[in-house]
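Each remark here refers to the structure printed beneath this line.
Taken together, the values in this text are just the output of simple stated rules run on the coordinates, not laboratory data. Quick caveat: nothing in here was measured; it's all calculated off a predicted structure. Using ideal geometry, Cβ is built from the backbone for each residue, glycine included, and neighbour counts are taken over all protein chains shown.
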Ligand code: HEC
């Protein structure tokens, strides 16, 4: 292998690493929780009473918006930008994020909310 080919390959490889570091990937918006645990918690807290949630058994509620593809949405409740920390806060106490919202406080702990947010943020 000619040395310059080797060098250009390294250059190309490090350029793509840099690019990957700079471009915000959809995953970067996802909360750093345990999504699989979150999926189970969604069933446990019965979010499906109101919401339809893909991947969660019996979560087929139609009283509120479906959470299908929620990870692709830019806003929470159409009001605040969807960011992991805001989503966690929303799940713990919706009215603290959007005053007057009809989504009730579900008694979710901060830790559980983190895992639920990781699951919801990953819904494509
Ligand atoms: C009693 C019905 C009800 C239950 C139970 C409920 N929600 Fe909601 N949820 C709502 C309503 C109503 C909205 C819309 C609020 C608004 O627009 O202000 C909402 C909105 C949301 C949104 C924002 C959706 C969007 O597209 O912007 C998320 C995320 C969410 N709920 C998650 C949850 C989770 C997680 C649980 C369980 C811990 C849960 N909800 C339980 C009624 C409910």
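Mind giving me the nanometre distance, one decimal, between the label points for residue 34 and residue 63, set 7 Å out from Cα along Cα→Cβ? Going from the residue 34 label point to the residue 63 one covers 2.9 nm. Treat each spin label as a single point 7 Å out from the Cα along the C-beta direction, and report the residue 73 to residue 101 distance in nm. Distance between the two pseudo-spin positions: 0.9 nm. Counting only Cα atoms, the size of the range 28-121 along its three principal axes is 29, 28, 25 Å, in decreasing order.
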